[in-house]
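What follows draws every value from the coordinates through simple rules; no lab data is involved. Everything quoted here is computed from the prediction, not taken from an experiment. FYI the Cβ positions are ideal-geometry reconstructions off the backbone, even for glycines, and counts take in every protein chain you see.
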Amino acid sequence: RTRQGDPQQCRIQQLSASRPSRRIESEGGVTELWDENEEQFQCAGVAATRNIIQQNSLSLPNFSPSPRLVYIQQGRGLLGISYPGCAESYHSRRQSTSQQSPRERQTEQQRGEDQHQKVHRIRRGDIVALPAGAAHWCYNDGNEELIALSITDVNSETNQLDQTPRSFYLAGGEPKRSSTQQQKQQYNANNILRAFDERMMADAFDVPMEVVRKMQREDERGFIVKVEQGEMSMIRPDEEEDEESEERRRGSN
Amino acid sequence: GMEEAYCNMRINMYLDNPKEADVYSRQAGRLNSVNMNKLPILRYMQMSAEKGNLYPNAMFAPHWSVNAHNIFYVTRGSAQVQAVGSNGNTVFNGRVNEGDLVVVPQYFAMMKRADSNGFEWVSFKTSPLPVRSPLVGSRSTLKAMPVDVLANSFQISQKEAEDIKYNRENHMFLLPPTSRS
């Protein structure tokens, strides 16, 4: 398949440097978007976004129908990616405590818990590849803002929708400050779980309706949220071990 | 040689054999798919198909198709179907019956629940090797996320986040009815 761009879009008389034209403020950071209708973006079939994630904040899980390359301009964080069709977690029996009732112990023993999670350390200068359809989240556990510039190839052959840049979010919601209809149209993103019937969702997840109501409630925090109750815990190798293996790789080249 | 191979390629495959189901659940139903690995001519056509069979009140887990549009045609029974677009709006919410055809674009999330008489359908997909990403079940997107990420994303407790991750961990795509349903 060839790239689907309209050749008419590339009759550009003059190129120009551009800056973001829109700004979506969330509880834990800002999303800045370049105007995808600019001739140069239309010609190249790409969209540009800059995410600024504050300290101890989480960019909520989302995926895009087009592949995306991200450059970490500043800061450090943890990135989780779920590739469709790939098993990500392994399970082990949970240790039961003597304070639990036998029934609780039985329930706990029947359920697994993650022994491993695929979480990547990202830091300033990294380029990160996010394949089309891979759901990802990013947590800023550093001591400064994490700034990430993304270029999305909306013209990619993996995208069978139109060339409008889209993000499908699995949580969060339109921030209150940017909830005008115009901005909604401009930032093509929303929480897809909220539109499902709560009874069907409760049956699908096999959880009480109350939990589904919480998942679907109006969330004005936006798409980047502050993490509550201190830092998030993750299962991942020690940083030192990470850096040592990186050093070893460099040394053996 | 290429032309000869193409000309002699097998063009048909029986799609409704329970013994050859790709996904089978004793309580929920089965899925039979035909992709370019089973029927190589589909590589040239860039298409594939799937036959689904849901038992009464069973569900097809909420999921989205990663690399294909999905056009499904109801061959027997009826079901409640919901589909959600990228803007978070419900783009389809209704009952489908035998003879109905629905187009679900790539990345639009969808779930189905069979009515009391069960539900059968055949899907046509615009990829020779379609991939779907489920929200619920053993290989679901949410199950792959740490409990803390879910708890903070949905503002729920750790226990509730664990329930979301694990309550359906023994199922893949096809979900048996719960006591509620």
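Remark: for residue pairs B:K51/B:K112; A:K214/B:K159; A:K226/B:K159; A:K214/B:K165; A:K176/A:K226; B:K51/B:K125, the C-alpha separation exceeds 18 Å in A:K226/B:K159.
Charge dipole of chain B (Cα centre as origin; +1 on each Lys and Arg Cβ, -1 on each Asp and Glu Cβ, all else neutral): 220 debye, rounded to the nearest 20.
Along chain B, counting only trypsin sites (Lys or Arg not before Pro) with a DSSP assignment other than H, G, I, E or B and at most 13 other Cβ atoms inside a 10 Å radius, the longest segment between sites is B:27-179.
Restriction of the chymotrypsin sites (Phe, Trp or Tyr not before Pro) in region B:64-106 to DSSP coil positions whose beta-carbon has at most 12 other beta-carbons within 10 angstrom yields no sites. Who wins for biggest fluctuation among B:A144, B:A21, B:A79 in a Gaussian network model of chain B, springs between alpha carbons below 10 Å? With Cα springs under 10 Å in chain B, the top fluctuation among B:A144, B:A21, B:A79 is at B:A144. For region B:7-163, the share of alpha carbon pairs falling in successive 5 Å distance bins from zero is 2, 9, 15, 19, 20, 15, 10, 6, 3, 1, 0, 0 percent. The Cα-based radius of gyration and maximum Cα-Cα distance (Dmax) for region B:75-156 are 15.3, 45 Å.
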